[in-house]
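Take a look at the structure set out below.
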Amino acid sequence: MQLNEELQNIISNLGIAKLNEMQEDAFLTIQKEAEVLLLAPTGSGKTLAFLLPIYTKLKASEKNIQCLILTPSRELAIQIEQVWRKMATGFKVNACYGGHDIAVEIQSLSVPPALLIGTPGRIADHIDRQTYELSGINTLIFDEFDKSLALGFHEQMAYICEALPKISTKILVSATGKIKIPDFTGITRPKILDFTREVSEEARITLYSVISEDKDKIDSLFHLLCDLGASSSIIFCNHRDATERVSKLLWEKGIENAFFHGGMEQIDREKTLIQFRNGSTHFLVASDLAARGLDINAVKNIIHYHLPFKNEDFVHRNGRTARMNAEGNAYILLHQEEVLPAYLTEMPQEWALQQSFQIPKISEWATLYISGGKKDKLNKGDILGFLIKIGGLTNEDIGLIEQLDFMSFVAVRKKKLKNLLPIILSEKIKGRKYKIREATLNG
């Protein structure tokens with residue numbers, strides 16, 4: 001499919017040469033159909049698949065919100081917002097979600113965005129407050145709709161649908177085909193784009209079993225991580241307290257890591273994901289909150305410290321690796337007497353743990369925290385220039401820069417950090433003094 005120069009520039013801004021088959025089909029279908037059900041696995045590029053055709057529907061002359069995207073989690077809302085910003089369309093975007101300062105959101109929405117993204121509860125709250133005008137919204141997207149239903153957002157989503165009088169395009173997006181569309185959506189005869197089978201067959205994931213002699217599998221996990229070395233890995237546990245326990249035990253064994261689960265404060269969750277994305281830690285111990293809807297690329301290994309209860313969750317966990325058809329591995333830790341769940345019909349090939357082991361090398365990156373962000377008119381170029389000009393760093397010393405509303409995080413080579421901090425602590429960025437410190441891992 002040939003895109004015009006404008007659209008090609010937009011996908012180039014994302015570092016993508018061309019659309020995949022699913023994205024092409026979605027682009028053409030969403031432009032002409034009033035109701036669309038898009039089914040595709042995690043990591044297949046669904047976000048761009050609906051954002052690009054939505055862009056073509058937006059009108060610069062319309063000063064109110066034109067498109068509303070509902071997501072089940074804060075992390076997914078942030079991810080979609082980040083993708084839209086990277087697209088550099090020129091249309092304003094805002095994300096609203098619980099744990100975010102609602103006063104800041106209200107202030108931002110005083111100049112309505114063309115695209116609004118949010119969790120059902122927070123969007124319903126803004127509708128109650130009459131924060132923004134609803135009459136301009138003509139497109140409604142339910143991303144990860146199956147998860148929104150599983151989390152019990154029926155009432156809020158029904159309320160939102162009822163409050164929107166002029167919806168002409170409705171899009172449901174899901175990573176699983178086992179979905180029943182509730183009446184409140186008003187969707188009766190959607191055009192179905194089902195890519196679940198095609199993409200999953202192409203994904204190159206090798207599955208291994210790791211047998212533990214002990215019911216407490218921490219020693220086997222430790223030895224497995226030593227085998228795998230310093231490669232990006234997510235270790236999944238079934239419960240929040242288990243993620244912290246496993247994280248703590250790994251630290252005691254000398255393996256640097258971070259944990260991530262839904263019981264953490266939102267800012268701590270965001271900081272942890274940033275540190276994992278920028279390489280400040282190779283290992284993330286996580287609950288199923290990390291199984292989908294997060295912007296984490298280049299994960300090499302998925303480790304099931306606990307197996308999930310449902311096949312759907314197993315699939316979503318594994319979908320964190322082999323994204324966009326890259327290669328990846330998944331490892332199942334099993335006690336030697338443990339019974340496989342029904343969704344695993346046969347024992348995967350066994351990974352034989354090495355008799356000798358070497359603790360993985362710690363990351364060469366650390367994360368720098370700066371107490372200013374997008375709302376402070378501080379941009380990535382300002383930070384980069386400050387660290388090079390004042391801090392004496394080179395481009396090679398600086399990694400990923402990520403910004404939130406009122407804070408920024410920068411990956412810096414760890415060997416440079418000790419000398420860097422005394423130099424920059426008393427300096428100003430764009431004439432303003434900010435707090436600057438190393439952001440430590442939560443483990």
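Please treat every number below as a calculation from the coordinates, not as lab data. Everything quoted here is computed from the prediction, not taken from an experiment. FYI the Cβ positions are ideal-geometry reconstructions off the backbone, even for glycines, and counts take in every protein chain you see.
Output the relative contact order of the chain, whole-number percent, from Cα pairs under 8 angstrom with separation of 6+ residues.
This gives 15 percent for the chain.
Highest first, please rank the peptides 14-26, 47-59 by the mean number of other Cβ atoms sitting within 10 Å of their residues. Write down the numbers at each step before the final one.
Working: 14-26: 16.4, 47-59: 20.2.
So the peptides 14-26, 47-59, ranked by packing, come out 47-59, 14-26.
Once Lys and Arg get +1 and Asp and Glu get -1 on their Cβ, which of 305, 89, 210 lies farthest toward the positive end of the dipole of the chain?
The Cα lying farthest towards the positive end belongs to 89.
Sorting 110, 73, 212 on the 10 Å Cβ count, fewest up front, what's the list?
Details: 110 9, 73 22, 212 19.
Listing 110, 73, 212 from fewest to most nearby Cβ atoms yields 110, 212, 73.
Under the Karplus relation 6.51 cos²θ - 1.76 cosθ + 1.60, θ = phi - 60°, what is the ordered set of whole-Hz ³J(HN,Hα) values for the range 83-88, x standing for Gly and Pro?
Each residue of the range 83-88 in turn: 4, 4, 5, 5, 5, 6 Hz.
In nm², what is the average projected area of the convex hull enclosing the Cα atoms of the range 5-198?
Projected over every direction and averaged, the Cα hull of the range 5-198 covers 10.3 nm².
Can you give me the long-range amide H partners of residue 238? Hydrogens built in the peptide plane at 1.01 Å from N, cutoff under 5 Å, separation of 5 or more residues or another chain.
So residue 238 has HN proximity to 306.
Any chance you could check the Cα centroid distance between the range 276-351 and the range 395-443 for me, in angstrom?
Taking the Cα centre of each part, the range 276-351 and the range 395-443 sit 32 Å apart.
Using the number of other C-beta atoms within 10 angstrom as an exposure proxy, rank 154, 304, 223 with the fewest first.
154, 223, 304
By counting other Cβ atoms within 10 Å of each Cβ, how are 347, 264 ranked from fewest to most?
Result, fewest neighbours first: 347, 264.
Could you tell me the relative contact order of the range 228-274? Use alpha-carbon pairs under 8 Å, at least six residues apart, and round to a whole percent.
Answer for the range 228-274 is 27 percent.
Please report the Cα spread of the chain along all three principal axes, rounded to whole Å, starting with the longest.
Principal axes ranked by extent give 65, 61, 43 Å for the Cα atoms.
So if I average 1/r over every pair of distinct C-alpha atoms in the range 365-439 and take the inverse, what Kirkwood radius in Å does that give?
By the Kirkwood definition, the hydrodynamic radius is 12.0 Å.
Take the range 204-350, drop everything but the C-alpha atoms, weight them equally and run the Debye formula without solvent; then report log10 I(q)/I(0) at 0.09 Å⁻¹ to two decimals.
The computed values of log10 I(q)/I(0) come out as -0.24.
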